[in-house]
1. Considering only residues that are open to solvent by 50 Å² or more (accessible area, probe 1.4 Å), of a type in the set (D, E, K, R) and in a strand (DSSP E or B), which ones fall in the range 271-329?
2. Right, residue 130: acidic (Asp, Glu) and within 20 Å of the chain's Cα centre (by Cα) or not?
3. Take the residues in the range 97-130 that are outside any strand (DSSP E or B) and either free of Cβ contacts under 8 Å to residues at least 40 places away in the same chain or of a type in the set (Lys, Arg) (or both); name whichever of them is farthest from residue 81 (Cα to Cα).
4. In contact with a strand residue (DSSP E or B) (Cβ under 9 Å, 6 or more places away or on another chain), buried (at least 18 other Cβ atoms within 10 Å of the Cβ) and either modelled with pLDDT under 95 or not charged (D, E, K, R) (or both): does that describe residue 201?
5. What are the pairs with Cβ atoms under 6 angstrom where one residue, in the range 66-87, is at pLDDT 80 or above and open to solvent by 20 Å² or more (accessible area, probe 1.4 Å) and the other, located anywhere, is of a type in the set (A, V, I, L, M) and in a strand (DSSP E or B)? Sequence gap at least six, or different chains.
6. Which pairs do you get when a residue that is without any contact (Cβ under 8 Å) to a residue 24 or more places away in the chain and part of a loop (DSSP other than H, G, I, E, B), found in the range 405-417, comes within reach of a residue that is among the charged types (D, E, K, R) and open to solvent by 60 Å² or more (accessible area, probe 1.4 Å), reach meaning Cβ atoms under 7 angstrom, with the pair 6+ apart or on two chains?
7. Closer than 25 Å to residue 301 by Cβ, among the acidic types (Asp, Glu), at pLDDT below 95 and out of contact with any Lys or Arg (no Cβ under 7 Å at 6 or more places or on another chain), is that true of residue 408?
8. Look at residue 51 and say whether it is open to solvent by 40 Å² or more (accessible area, probe 1.4 Å) and either at pLDDT below 80 or farther than 17 Å from residue 143 by Cβ (or both).
Amino acid sequence: MYKVVGPNGPACEISFEYSENPNPSFVDKPVTFTVSPDDASEDTVRGALKACMTGRTGKYQCGGPLFEQLTYGAPAYASLEYGGDGPLPCGTPVEVDGEPLYPMPKDGQWGYVNRDGDWKIPPQWNRAGDFHEGRAIVGGRNAWGIIDRDGEAIVAPEHASDVDGRPPFTPYSEGCTVANIFTDTSQPAFFLDRDGKAYWRDRRPEGLAELDIEEFGSFSEGLAWFQIGSVVDEQHGWIDASGEIAIAPDFANSGDFNGGLAPASLEDHDQFGFISPDGRLQLPRKWTLDGAQPFSEGLAQVSTGAFEIAFMDSNDFAFHDVTLSDEDTGPPVRAEIEAAGAFHDGLAPVDVEYDDTREFGYMNQQGEMVFVPDRLDGITVCDARLRPEFHNGLVRLVVADNGESCGDEAYLDGAPAYDAAHYVYLDTQGHVVLRQAK
């Protein structure tokens, strides 16, 4: 039986429920979906129901207990078009024309706007990621997919991850994304090109076929790291797009190449450094770092000791702490770096501490705090621990509706709606450019 639940934004929500079924686990569990009132024919309703019952969401916003039951473990893995077993169409950056698009929620769903706030892709997903190389990851729960800049599906939103809430695809980089799809069990990691075709899904190149590869990294500067074995005995190396091993798996940790350097650590101890594409240590001269992140815009975050964070350039340490003005006294102070993100558009998010005061803000490449969001008029950040990074000139923050208190909600970046908070986009000077309408 089915019934009309009522309006859901511009659409009409319908609920279907089995009163009896040969499979008793299907009984008395509704599946819901939405259709356009302008196209609410019997065929449309049947088509929407079929999409939901086969574990797909499409444009119908499928939900409800029965849909979740059917989606969990859905064989969507097999629905991907296979590209090949040979060299990957990866390893070269993809330039995309057109204005930047930014994820924005409305009425509990995500779509995309331009910098002027004009809707370019209507809200229709529970989650939506940033565009990278003209592709964005959308969906939510066990139904993730990939779209192009027109909002058209490159990969249907029907794929699950082995970690609840995390998409099974990485952001596109140099023409490809890494897929880690879960059906009834976790599947081997493989690559998807910009058309959504799968490579190395069922068979890997000869040099990799005998290796127990658990995970791949994204391509950067023509190379991608890979991990062999579990957390206890993992080994890391790098491959090129042909599937040849460019750097042997002789490392305990790995990261993306940027500016000819990638973070790594040796198997026999926990000290980090930066290697070149030939696998040789370049920075610093010995394996002396406690931790290291990939370079971004010429700087890399490193750990020089327990709870000691600094930034390095390609030659040496750039800075160990951050300069900012004291909000009460005015004169600049030096603050220790407690946590930080990567540099994009010339700024990086950073948590700092000085005189028993903790603040979250954005610093430049000279180690100077450019702005602290909580010091801006009418802005109170709801969870600074998210530390969002800039993308295409703007950064998205969750802020209090009243500019003062965020309430007691648990704030996770990506939720489409909060009772006492909303999203804003700030530019590199701390000016509000976009604001979610509630």
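1. Scanning the range 271-329 gives a single hit, 308.
2. Against the criterion (acidic (Asp, Glu) and within 20 Å of the chain's Cα centre (by Cα)), residue 130 qualifies.
3. Checking each candidate, the answer is 116.
4. yes
5. Filtered contacts from the range 66-87: 82/198; 83/198.
6. Within 7 Å, the pairs are 407/419.
7. Judged against the criteria, residue 408 is not a match.
8. Here the answer is no, as residue 51 does not meet what is asked.
The values are calculated or read from the model by the stated rules, or taken from the named source; none is laboratory data. Bear in mind the structure is a predicted one, so any value in this text is a computation, not a measurement. Neighbour counts run over all protein chains shown; Cβ positions are idealised from the backbone, glycine included. SASA here: full protein model, heavy atoms, side chains in, ligands and nucleic acids out. Shrake-Rupley method; radii C 1.70, N 1.55, O 1.52, S 1.80 Å.
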